[in-house]
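The values are calculated or read from the model by the stated rules, or taken from the named source; none is laboratory data. Values in this document were obtained by computation on a predicted structure and should not be read as measured data. Every residue, glycine as well, gets a Cβ built from its backbone with ideal geometry; the counts of neighbours run over all protein chains shown. Side chains are part of the model used for accessible areas, which takes the heavy atoms of the whole protein and leaves out ligands, DNA and RNA. Shrake-Rupley method; radii C 1.70, N 1.55, O 1.52, S 1.80 Å.
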Amino acid sequence: QVQLVESGGGLVQPGGSLRLSCAASGTIIQIARVTWYRQAPGNEREFVASINRARTTNYADSVEGRFAISRDDPKMTVYLQMDNLQIEDTGVYLCYMEYGGVDWWGQGTQVTVST
């Protein structure tokens, strides 16, 4: 069993910043490729960013240049630094990792960008 726990969400004004964390625990030796997704009410889940073991990163066009994904392998944690947040960034942010042939998801953390 693997657990992924997200944290760091909250309410922020447009232009503000948040840093999300995704901490892995359980029967796991090393975190693999980790992906952040987000889902806004009424919308489908969408890709935000990913990072693999080689620290190769990928970003959705909508967040490129504003978000930065990083990882701390000894802490088995992946971070998503979000700067210059916009109202359209509002949603539940979830982290995902495939490990041992199983898809693992966290419970999500709410990010609300509002005036």
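Rounded to the nearest percent, how much of the accessible area of the chain (1.4 Å probe, protein heavy atoms only) is carbon and sulfur?
Answer for the chain is 48 percent, counting heavy atoms of protein chains only.
Just the accessible area for Tyr37, please: 1.4 Å probe, Å², rounded to the nearest 10?
Here the residue's solvent-accessible area equals roughly 60 Å².
Relative contact order of the chain, please, whole-number percent, based on alpha carbon pairs below 8 angstrom and at least 6 residues apart.
This gives 37 percent for the chain.
Considering the chain, what Rg and Dmax in Å follow from its alpha-carbon atoms?
Just the Cα atoms of the chain yield Rg and Dmax of 13.5, 43 Å.
Convert each backbone phi in region 61-71 into a coupling constant with the Karplus relation 6.51 cos²θ - 1.76 cosθ + 1.60 (shift: θ = phi - 60°), then list the ³J(HN,Hα) values in order as whole Hz, x for Gly and Pro.
With coefficients 6.51, -1.76 and 1.60, one gets 4, 5, 10, 3, x, 10, 10, 9, 9, 8, 9 Hz.
Restricting to DSSP loop positions (anything but H, G, I, E, B) with no more than 12 other Cβ atoms inside 10 Å of their own Cβ, which trypsin sites (Lys or Arg not before Pro) remain in region 1-105?
For trypsin sites (Lys or Arg not before Pro) across region 1-105 that sit outside H, G, I, E and B with at most 12 neighbouring Cβ atoms in 10 Å, the list reads Arg53, Arg55, Lys75.
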